[in-house]
1. Quantify, in whole percent, the carbon and sulfur part of the accessible surface of the chain (1.4 Å probe; protein heavy atoms only).
2. Can you list residues from other chains, or at least 5 along the same chain, whose modelled amide H is less than 5 Å from the amide H of VAL56?
3. Longest exposed-loop-site-free stretch of the chain, with chymotrypsin sites (Phe, Trp or Tyr not before Pro), DSSP loop and at most 10 other Cβ within 10 Å?
4. Expressed as a fraction of 2.2 N^0.38 Å, the rule-of-thumb size for a compact globular protein of N residues, what is the C-alpha radius of gyration of the stretch 43-86?
5. Only Lys, Arg, Asp and Glu count, each charged at its Cβ (+1, +1, -1, -1), so figure out the dipole size of the chain about its Cα centre, rounded to 20 debye.
6. Kindly give Rg over Rh for the stretch 6-82, based on alpha-carbon atoms, with the Kirkwood expression for the hydrodynamic radius.
7. Sort VAL8, VAL29, VAL43 by accessible area with a 1.4 Å probe, largest first.
8. Convert each backbone phi in the stretch 55-68 into a coupling constant with the Karplus relation 6.51 cos²θ - 1.76 cosθ + 1.60 (shift: θ = phi - 60°), then list the ³J(HN,Hα) values in order as whole Hz, x for Gly and Pro.
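The values are calculated or read from the model by the stated rules, or taken from the named source; none is laboratory data. This structure is a prediction, so every number in the text was calculated from the model and none was measured. Note that we place each Cβ from the backbone using ideal geometry, even for glycine, and neighbour counts take in every protein chain shown. Each accessible area value is taken on the protein alone, full model and side chains, heavy atoms only, with ligands, DNA and RNA left out. Shrake-Rupley method; radii C 1.70, N 1.55, O 1.52, S 1.80 Å.
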Amino acid sequence: MSNLDPFVAIADPHRRYLLEELRRAPKTVNDLASGLPISRPAVSQHLKALLDCNLVSVTSEGTRRIYSVNRPGFDRLNLWIDQFWS
């Protein structure tokens, strides 16, 4: 598990966009880059930050890497937020 703070990761609007897109369905970098005004390498860097704090996961299908939301990775966020409603 990485030490990257998931709150830092989701502070970036491009990363929040990527999470919203992945919430709908797993996608490739190309799929995700088509909706953003940034390069594919930049999208890959944002995905790496999300991977490093376990908010997304990646699987390989042949030469394609498919990214998806890693629901267990959101547990840390949920635990912190839930303390305000307990």
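1. Its accessible area is 53 percent carbon and sulfur atoms.
2. Residues meeting the criterion, in which the H sits 1.01 Å from N, are LEU51, ASN70.
3. Excluding the exposed sites themselves, the longest stretch runs over 1-83.
4. 1.44
5. For this selection, approximately 240 debye.
6. Here Rg/Rh amounts to 0.96.
7. Largest accessible area first, the list is VAL8, VAL29, VAL43.
8. With the stated coefficients, the stretch 55-68 comes to 7, 10, 10, 9, 10, 9, 10, x, 8, 8, 10, 9, 9, 8 Hz.
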